[in-house]
Amino acid sequence: MLQLKVIATADVPAVLALQAQCYGPDFLESAAAFEAKLSAARHLHCSYLAVDGDQPLAYVVSLPVDDDQLPALDAPTVAPARAPRTLYLHDLAVSPAGRARQLGQKLVRQVVQRAQDMGLAQVALIAVQGSQGYWERHGFAVAEVAEGSATAGKLASFGSGATLMRRALGPV
């Protein structure tokens, strides 16, 4: 039976295994990087693991961020947001079995709903591996990034072709 549960530190090995199924070697993050993101959003319940029995099928990691304070890829530390307006969808990974069950769509809806419940203005993400079209189908649009800004530096950590995307949220 499919269950969505909030990701705990004990789930990081399952997250790493799913990550390895879905991303090329340039996008693999360490356990410490995932733990830092989870810690920055502790008790906010905005990262989820989809499991069927004891089988992890998909996950999404998101965290509230202050304007222009997106974490870099594989960042070993992440400061908790002080005055967030954005829920940053850092990572979505869906196993082949999870794709057949459309878990990507379910997890994206879950993150958008959580952002609305938190009263945030938008959800942002960095599209990699040619996923821009996927995110556009979920209501995200390419966002401008000022050259030389802190955001441009974080975007560069994801490699060439990485694109910042945002989805504005209506009133709750």
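The values are calculated or read from the model by the stated rules, or taken from the named source; none is laboratory data. Computed from a prediction, not measured in an experiment: that's the story for all the values here. So basically every Cβ, Gly included, is an ideal-geometry build from the backbone, and we count neighbours across all protein chains shown. These area figures cover heavy atoms from the full protein model, side chains too; ligands, DNA and RNA do not enter into them. Shrake-Rupley method; radii C 1.70, N 1.55, O 1.52, S 1.80 Å.
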Subject >> 3J(HN,Hα) from dihedral phi, region 121-135, Karplus parametrisation 6.51/-1.76/1.60, rounded to Hz, x for glycine, proline >> reply: 7, 7, 10, 10, 7, 10, 7, 10, 6, x, 8, 3, x, 4, 5
Original post:
How about region 1-95: which trypsin sites (Lys or Arg not before Pro) there are in a DSSP loop, with at most 13 other Cβ atoms within 10 Å of their Cβ?
Top reply: ARG42, ARG82
Original post:
Between ASP68 and SER39, what is the FRET efficiency for a Förster distance of 22 Å, r being their Cβ-Cβ separation, to the nearest 0.05?
Top reply: 0.60
**OP:** Please determine, in degrees from 0 to 90 and to the nearest 10, the orientation of helix 12-22 with respect to the longest principal axis defined by the Cα atoms of the chain, where the helix direction is its Cα long axis.
**Re:** 80 degrees
**OP:** Find, among the chymotrypsin sites (Phe, Trp or Tyr not before Pro) in region 1-54, those assigned to loop by DSSP (not H, G, I, E, B) with at most 14 other beta-carbon atoms within 10 angstrom.
**Re:** none
Original post:
Tell me, what ³J(HN,Hα) does each residue in region 38-54 have, in order and in whole Hz, if you take phi through Karplus 6.51 cos²θ - 1.76 cosθ + 1.60 with θ = phi - 60° and put x for Gly and Pro?
Top reply: 5, 5, 5, 10, 3, 6, 9, 6, 10, 10, 9, 10, 9, 10, 10, x, 9
Original post:
How much length, in nm to one decimal, is gained on full extension between SER157 and ALA31, taken as 0.36 nm per residue of separation minus their Cα-Cα distance?
Top reply: 43.6 nm
Original post:
To the nearest 10 square angstrom, what accessible area does GLU136 show with a 1.4 Å probe?
Top reply: 90 Å²
